[in-house]
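The structure appears below as structure tokens.
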Amino acid sequence: MHAPSSLSRLALSLALAAFSASCALPAAAHPPVARTPGTPPGIVLPPTDETVPPPPAWDGVAYRGGVVSVSHPLAAKAGADVLARGGNAIDAAAAIQFVLNVVEPQFSGIGGGGFMMVHLARHGKTFAIDGREMAPAAATPTQFVLSGVPANQRFVIASTSGLAVGVPGTLAVIDHALKHYGTIRLSEALAPAIEVAEKGFRINRFLAANIAGDGGRTGFQPETAALFRPGGVPLVEGDLLVQPDLAKTFRLIAKHGPRVFYRGEIAQAIVAAQQRTRTPTPAEGVGRMTLQDLADYQVKIREPIRVDYRGWTVADMSPPSSGGLTVGQMLEMVERFPIGDAAQGFGFGSPTTLHVMAEAMRLAFADRAVWMGDEDFVPVPKVGLLDPTYVASRSAMISTTSRMATPAAGNPLPFDTVLDSGKDRRFHPKHDDDEHRPSHTTHYSVVDKWGNVVSFTTTIESTWGTGITVPGYGFLLNNELTDFNFDPAFNAETGNPGANDVAAGKRPRSSMAPAIVFKGREPVLAYGSPGGSTIINSVFNVTLNLIDHGMSIQQAINAPRLSVTSAAGTISCEGVEPFMQPKFSIATQDALRSLGHVGLGAAGANGCAATIGSVQGVVIDLRTGRQYGGADLRREGTVLGLKRVKAHGPHPSKGHGEDETED
Ligand code: GLY
């Protein structure tokens, strides 16, 4: 049902009340739960009791021996091979990361960082290994105030200069994960990547497009240009890419361990490489990382943010990422609406659903801009931001009949029972948006035959990071420090804590949101996405698709997404690729415009032309133990599994009893 902009809120409530009273709603099959605070009168919410079935799995292909879902087939193969040799999900994740460094060098690698969410089946434990890049000891809050650089050039200049390079964490994450939870050695995890780097691989259309595009970032530095634009000509789809320097680096790490990277010859090469700068005043743009910064780097083990949403528990990344808190706020804000119920005017892709999602995004991004950062440096009111009363007060700002004026951040401090000084703390909200900065990254998910799960989002920040390839070592350096505030936001007058201002040793605020969803204590889903701040929205979209719209993991990934990444925000939406079905119609887009939304393009035209994220997920059907995967055609997403279960019908996940398997 469309909600015409002229319909008053009261009239809509009455209409919905009359509608729900006269219709047999699907929810009537189960006793409706007590109304969530703030649920509009007459709205019936879906039940959250145990009779709700798990989300349907990807029809057709089920496995029992483990599943990997990865954005590139060669990396997926490396992971599946590890599982086939008896390795666990952590081992597979390690092999996948190194091959991704070879075949998707533009998105992740040992020159970057990431968050690995892990569930260990035997211990029933879920935690995140934080391998976020770290600001060097010489970093300062004003380091991105560059003289003589126009505002609209600041990001590209800063992000392609050594100043943006954070101390890399990816290798430390993999090393930590393997040492503590894996069964193979680092050298074994590196072997497939060494082979692909030495023998070469055929460039796919995504890598080719990134080589040619992305503002020419592959052409800014000679080593990167030599690899990807030999003789000044960009490599194209189908060309063979061989990376002997990267293979050499991996061999060094295989032989000497991570020490050679953090304290040895590779550390020296990194420190030298980040002296490159594109700033008009060179001294302002050179990197500040020292050998000591590299030697001091350590991963941190973080407790995930956990949010209950309609009977499911979504565990997601805690600070320094904003991912878990922002996704969590959005879910809590929309829980009072029957998002999945077309009979009540919601359902997938309805203007009311999309409107409510966009409003929740705007509110959550307003809070994110002020309150979220590295909590080792700034107290982050994690409890207050997710407090039901606080979130209800934010959600109450969402009207179903019109777009709200630009919301300021709220004040969660009085609701924060952990930061107890909060009750006295003043905050005078003002609109405080982030700049929207382009970024990429990658995500993959793994489940093994024992039920261990890895959900890993990994990055060098922008596509191609800084564009600086470490000379002689063949890997790109990240520009992760550009995820910090470019101008210090700390303001004692307004109470802005400057949560994401640069500081020595601090980790820049991330949007990465590697999720694992639980029913009770059992993991049922793992997924995540790349895409800078749109990561949060991709994960939010897919979560609603799975839980509210009852889609399979593959349908949930294929469905077009909608994204708003700031309080003032404009809507980006998808709808170009043929697999994005059903698309958001032009009538739907016009209905959003009539509610006051901006950014969709001209009225009566398809403004949904973006590509948002690339989600790779796995599913465990708790009733049967079968495992499924879903992968994203927005990249070369690939699902590989072991011990394929012979299909017994149109929907194998509904079957019971013993499986027949074919290896
Ligand atoms: N590099 C993407 C993020 O951390 O949000």
Report summary line: Note to self: C-alpha centroids of segment 349-415 and segment 445-507 sit apart, in Å, by 23 Å
Report summary line: With the dipole of segment 206-334 defined by +1 on each Lys or Arg Cβ and -1 on each Asp or Glu Cβ, the option from 247, 220, 322 whose Cα lies farthest towards the positive pole is 247
Query raised in the report: Once you sort the root eigenvalues of the Cα gyration tensor of segment 297-381 as a ≥ b ≥ c, which label holds: rounded (a/c under 1.5), prolate (a/b larger than b/c) or oblate (the other case)?
Result: prolate
Query raised in the report: At each listed q (0.16, 0.21, 0.26, 0.27 Å⁻¹), what is the log10 of I(q)/I(0) that the Debye formula gives for segment 141-215 modelled as equal alpha-carbon point scatterers?
Result: -0.92, -0.99, -1.12, -1.15
**Report entry** Cβ-based charge dipole, the chain, positive-most Cα from 476, 346, 569
**Finding:** 476
Query raised in the report: Where does each of 262, 181 land when they are ordered by accessible area, with a 1.4 Å probe and the largest first?
Result: 181, 262
Query raised in the report: What does the charge dipole of segment 52-192 about its Cα centre add up to, to the nearest 20 debye, if the Cβ of each Lys and Arg holds +1 and the Cβ of each Asp and Glu holds -1?
Result: 200 debye
Query raised in the report: Averaged over all directions, how much area does the convex hull of the C-alpha atoms of the chain cover when projected, in nm²?
Result: 28.0 nm²
Report summary line: Taking protein heavy atoms only, a 1.4 Å probe, and rounding to whole percent, the accessible area of the chain owed to carbon and sulfur comes out at 56 percent
Query raised in the report: Mind listing the phi-derived Karplus ³J(HN,Hα) values for segment 175-187, rounded to whole Hz, using 6.51, -1.76 and 1.60 with θ = phi - 60°, and x for any glycine or proline?
Result: 4, 4, 4, 5, 4, 8, 10, x, 10, 10, 7, 4, 5
Report task. Stick to Cα atoms and the Kirkwood definition of Rh, then tell me Rg/Rh for segment 461-600. Result -> 1.04
Query raised in the report: Accessible area of residue 450, 1.4 Å probe, to the nearest 10 Å²?
Result: 130 Å²
Query raised in the report: Given DSSP loops and a limit of at most 11 other Cβ atoms within 10 Å, what is the longest stretch of the chain that contains no such GluC sites (Glu not before Pro)?
Result: 51-492
Query raised in the report: For segment 282-337, what is the accessible area per residue in Å², given a 1.4 Å probe and the full set of protein chains?
Result: 30 Å²
Query - With eigenvalues of the C-alpha gyration tensor scaled by 5 and rooted, segment 530-599, Å - result: 20, 16, 11
Query raised in the report: How much of residue 236 can a 1.4 Å solvent probe reach, expressed as accessible area in Å² and rounded to 10?
Result: 80 Å²
Query raised in the report: Just the projected area, averaged over all directions, of the convex hull on the alpha carbon atoms of segment 89-168: how many nm²?
Result: 7.5 nm²
Query raised in the report: What dipole magnitude, in Debye to the nearest 20, does the chain give about its Cα centre under +1 on Lys/Arg Cβ and -1 on Asp/Glu Cβ?
Result: 240 debye
Query raised in the report: Under the Karplus relation 6.51 cos²θ - 1.76 cosθ + 1.60, θ = phi - 60°, what is the ordered set of whole-Hz ³J(HN,Hα) values for segment 399-411, x standing for Gly and Pro?
Result: 9, 7, 10, 7, 6, 6, 5, 3, x, 7, 4, x, 10
Query raised in the report: Do any trypsin sites (Lys or Arg not before Pro) in segment 471-580 lie in a loop, going by DSSP, with at most 10 other beta-carbon atoms within 10 Å of their beta carbon, and if so which?
Result: 521
Query raised in the report: Once phi is turned into θ = phi - 60°, what whole-Hz ³J(HN,Hα) does the Karplus curve with 6.51, -1.76 and 1.60 give for every residue of segment 111-125, x standing for Gly and Pro?
Result: x, x, x, x, 10, 9, 8, 10, 10, 9, 5, 5, 8, x, 9
Query raised in the report: With each run of n ≥ 4 DSSP H residues scored as -39500 (n - 2.57), what mean residue ellipticity at 222 nm is computed for the chain after dividing by its residue count and rounding to the nearest 500 deg cm²/dmol?
Result: -9000 deg cm²/dmol
Query raised in the report: In segment 116-191, with Lys and Arg counted as +1 and Asp and Glu as -1 at Cβ, which of these residues, 165, 155, 184, has the Cα nearest the positive end of the dipole, that is, farthest along it?
Result: 184
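The values are calculated or read from the model by the stated rules, or taken from the named source; none is laboratory data. Nothing here was measured: the structure is a model prediction, and the numbers come from that model. Ideal geometry is used to build each Cβ from the backbone, glycine not excepted, and the neighbour counts take in all protein chains shown. For accessibility, only protein heavy atoms count, side chains too; no ligands or nucleic acids. Shrake-Rupley method; radii C 1.70, N 1.55, O 1.52, S 1.80 Å.
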